[in-house]
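Colleague: Here it is, the structure in full.
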Amino acid sequence: MQQFANPTRFLSLANKALPTIWAVTVVLFAIGLYGALIGAPPDYQQGETVRIMFVHVPAAWLAMLVYSVMALASAIAIIFRHPLADVAAKTAAPIGAVFCFLALATGSLWGKPMWGAWWVWDARLTSMFVLFLLYVGYIAIWQAIEEPSRAAMIARIVAIVGFINIPIIKFSVDWWNTLHQPASVLRMDGSTIDWSIRWPLLVLGLAYTILFLALHLTSMRSEITARKLRNLQIARSGEA
Amino acid sequence: MDWNADHAGFVIAAYALSLAFIAGLIIYIFNRDARTRKRLAQFEKPKK
């Protein structure tokens with residue numbers, strides 16, 4: 001991991017990898033959307049509404065994955081003082097917030113025809129909403145505190161403490177009685193979803209994940225460039 | 001996909017919303033990246 005600690009080396013690797021990552025993202029989205037809208041049959045109970053699952057579930061997966069990445073990067077920043085760890089955590093947050101919002105909004109659009117309600121305060125929905133608030137709070141810390149080292153320290157603590165919410169989201173449907181259905185893909189005793197519906201879900205899940213990788217690397221590149229620019233401006237103002 | 005099925009509007013809305021937000025996110029990140037790199041290039045350009 002130390003070989004990526006140098007921002008210049010990281011930028012060089014990111015610049016080389018990004019075109020391939022974007023190409024893979026486009027191909028996976030094309031295959032996944034074909035499977036979601038054409039290949040997969042309607043559900044025997046939910047009818048065509050089940051197709052919302054193909055955009056709702058990957059968004060929810062990604063919202064949790066991105067927060068886990070932020071918490072891990074924050075822990076690495078504290079323990080190893082890795083120069084890119086804070087950059088990784090800070091730039092992941094807006095991406096995670098968008099996917100968390102999409103999980104909540106598409107879930108609401110799925111809930112209305114299936115449950116008869118846009119929103120219910122059950123454990124899964126509420127813990128997901130808390131995750132969205134954590135994202136907003138984390139972004140607000142970086143925006144509100146001008147001193148970067150102080151903002152970084154507070155943001156790291158929020159990211160690590162907030163990680164407790166991730167297992168709560170995952171197991172909320174097992175620990176409490178919820179209107180939200182229990183886990184049906186990632187289960188110890190195997191998936192309960194038929195393969196004809198599962199494969200587009202897995203392909204789109206992978207597509208969303210690779211999309212995150214592409215967006216995150218691009219965003220990290222911007223942040224490194226912005227920090228370099230700020231340092232140069234400070235150095236020049238010091239010379240003047 | 002049967003576009004005339006019951007609740008098809010909810011499916012269309014979910015996909016349209018996802019597309020709009022993901023496209024917006026991509027545009028925002030690309031614009032920021034291009035703007036930052038341009039500013040750095042201008043700053044590093046030797047003054048005449």
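The values are calculated or read from the model by the stated rules, or taken from the named source; none is laboratory data. Note that the structure is a prediction, hence the values are computed from the model and not measured. Cβ sites come from the backbone with ideal geometry, for glycine too, and all protein chains shown count toward neighbours.
Colleague: A:PHE99 fails exactly one of the following numbered conditions: (1) surrounded by 22 or more Cβ atoms within 10 Å (Cβ to Cβ); (2) of a type outside the set (A, V, I, L, M); (3) without any contact (Cβ under 8 Å) to a residue 24 or more places away in the chain. What is the number of that condition?
Modeller: Result: A:PHE99 fails condition (3) only.
Colleague: Just one of (1) over 26 Å from A:PRO58 (Cα atoms); (2) touching a Ser or Thr at 6+ places or on another chain (Cβ under 8 Å); (3) not acidic (Asp, Glu) trips up B:ILE29, so point out which.
Modeller: (1)
Colleague: Write out, first by first residue and then by second, each pair whose Cβ atoms fall under 8 Å of each other, whose residues are 6+ apart or on separate chains, and whose first residue, in segment A:226-240, is without any contact (Cβ under 8 Å) to a residue 12 or more places away in the chain while the second is surrounded by 11 or more Cβ atoms within 10 Å (Cβ to Cβ) and charged (D, E, K, R).
Modeller: Qualifying pairs under 8 Å: A:LEU229/B:ARG39.
Colleague: Here are the criteria: (1) surrounded by 15 or more Cβ atoms within 10 Å (Cβ to Cβ); (2) assigned to a loop (DSSP other than H, G, I, E, B). Tell me which single one A:ARG156 does not satisfy.
Modeller: Of (1) surrounded by 15 or more Cβ atoms within 10 Å (Cβ to Cβ); (2) assigned to a loop (DSSP other than H, G, I, E, B), only one is false for A:ARG156: (2).
Colleague: Kindly check whether there is at least one residue in segment A:5-14 that is in a loop (DSSP other than H, G, I, E, B), surrounded by fewer than 17 Cβ atoms within 10 Å (Cβ to Cβ) and not hydroxyl-bearing (Ser, Thr, Tyr).
Modeller: Pass one, segment A:5-14, residues in a loop (DSSP other than H, G, I, E, B): A:5-6.
With the extra rule that they be surrounded by fewer than 17 Cβ atoms within 10 Å (Cβ to Cβ), the set shrinks to A:5-6.
Checking which are not hydroxyl-bearing (Ser, Thr, Tyr) leaves us with A:5-6.
Scanning segment A:5-14, I find at least one residue that is in a loop (DSSP other than H, G, I, E, B), surrounded by fewer than 17 Cβ atoms within 10 Å (Cβ to Cβ) and not hydroxyl-bearing (Ser, Thr, Tyr), so the answer is yes.
Colleague: Tally the residues that are under 16 Å from A:LEU204 (Cβ atoms) and either of a type outside the set (Ser, Thr, Tyr) or loosely packed, with under 13 Cβ neighbours inside 10 Å (or both), restricting the search to segment A:15-49. Spell out how you get there, then give the answer.
Modeller: Of the residues in segment A:15-49, the ones under 16 Å from A:LEU204 (Cβ atoms) are A:24-40.
Keeping just the survivors that are either of a type outside the set (Ser, Thr, Tyr) or loosely packed, with under 13 Cβ neighbours inside 10 Å (or both) gives A:24, A:26-33, A:35-40.
Of the residues in segment A:15-49, 15 are under 16 Å from A:LEU204 (Cβ atoms) and either of a type outside the set (Ser, Thr, Tyr) or loosely packed, with under 13 Cβ neighbours inside 10 Å (or both).
Colleague: Can you name the number of the only condition in (1) more than 30 Å from A:ALA36 (Cα to Cα); (2) within 9 Å of chain A (Cβ to nearest Cβ) that B:PHE30 fails?
Modeller: Result: B:PHE30 fails condition (1) only.
Colleague: Just one of B:ILE22, B:ILE27 is modelled with pLDDT of 95 or more and more than 27 Å from A:THR49 (Cα to Cα); which is it?
Modeller: B:ILE27
Colleague: Write out, first by first residue and then by second, each pair whose Cβ atoms fall under 7 Å of each other, whose residues are 6+ apart or on separate chains, and whose first residue, in segment A:105-116, is free of Cβ contacts under 8 Å to residues at least 40 places away in the same chain and closer than 14 Å to A:LEU179 by Cα while the second is part of a helix (DSSP H, G or I) and of a type in the set (Phe, Trp, Tyr).
Modeller: Pairs that qualify, where the first residue is free of Cβ contacts under 8 Å to residues at least 40 places away in the same chain and closer than 14 Å to A:LEU179 by Cα and the partner is part of a helix (DSSP H, G or I) and of a type in the set (Phe, Trp, Tyr), are A:LYS112/B:PHE10.
Colleague: Return the pair list, or none, for Cβ contacts closer than 7 Å from residues in segment B:29-48 that are without any contact (Cβ under 8 Å) to a residue 60 or more places away in the chain to residues that are among the charged types (D, E, K, R), at least 6 apart or on different chains.
Modeller: B:ASP33/A:ARG221; B:LEU40/A:LYS228
Colleague: Only one of (1) crowded, with 24+ Cβ neighbours inside 10 Å; (2) more than 12 Å from every other protein chain (Cβ to nearest Cβ); (3) out of contact with any Ser or Thr (no Cβ under 8 Å at 6 or more places or on another chain) fails for A:ASP86. Which number is that?
Modeller: (3)
Colleague: What single numbered condition from (1) within 25 Å of B:ASP2 (Cα to Cα); (2) of a type in the set (A, V, I, L, M); (3) out of contact with any strand residue (DSSP E or B) (no Cβ under 8 Å at 6 or more places or on another chain) fails to hold for A:VAL50?
Modeller: Single failed check for A:VAL50: (3).
Colleague: Identify, please: which residue in segment A:91-119 is of a type in the set (Phe, Trp, Tyr) and at the interface with chain B (Cβ under 8 Å from one of its Cβ atoms) and is, among those, farthest from A:LEU72 (Cα to Cα)? Steps first, please.
Modeller: Quick first cut of segment A:91-119, residues of a type in the set (Phe, Trp, Tyr) only: A:99, A:101, A:110, A:115, A:118-119.
Okay, now just the ones that are also at the interface with chain B (Cβ under 8 Å from one of its Cβ atoms), so A:101, A:110.
Values: A:PHE101: 22, A:TRP110: 32 Å.
Ranking the qualifying residues of segment A:91-119, first place goes to A:TRP110.
Colleague: Please go through segment B:33-48 and give me each residue that is assigned to a helix (DSSP H, G or I) and either surrounded by 14 or more Cβ atoms within 10 Å (Cβ to Cβ) or more than 7 Å from chain A (Cβ to nearest Cβ) (or both), ordered by number. Show your work before the answer.
Modeller: Taking segment B:33-48 first, the residues assigned to a helix (DSSP H, G or I) are B:33-44.
Those that are assigned to a helix (DSSP H, G or I) and either surrounded by 14 or more Cβ atoms within 10 Å (Cβ to Cβ) or more than 7 Å from chain A (Cβ to nearest Cβ) (or both): B:ASP33, B:ALA34, B:ARG35, B:THR36, B:ARG37, B:LYS38, B:ARG39, B:LEU40, B:ALA41, B:GLN42, B:GLU44.
Colleague: Looking only at segment B:16-25, decide whether some residue is at the interface with chain A (Cβ under 7 Å from one of its Cβ atoms), β-branched (Val, Ile, Thr) and buried (at least 16 other Cβ atoms within 10 Å of the Cβ). Outline the logic, then answer.
Modeller: If we filter segment B:16-25 for residues that are at the interface with chain A (Cβ under 7 Å from one of its Cβ atoms), which is where we start, we get B:17-18, B:21, B:25.
Then drop every residue that is not β-branched (Val, Ile, Thr), which leaves none.
No; the residues of segment B:16-25 include none that is at the interface with chain A (Cβ under 7 Å from one of its Cβ atoms), β-branched (Val, Ile, Thr) and buried (at least 16 other Cβ atoms within 10 Å of the Cβ).
Colleague: Of the conditions (1) at pLDDT 95 or above; (2) surrounded by fewer than 18 Cβ atoms within 10 Å (Cβ to Cβ); (3) closer than 30 Å to B:ASP6 by Cβ; (4) not charged (D, E, K, R), A:VAL120 satisfies every one except a single condition; which number is it?
Modeller: Just one mismatch for A:VAL120, condition (1).
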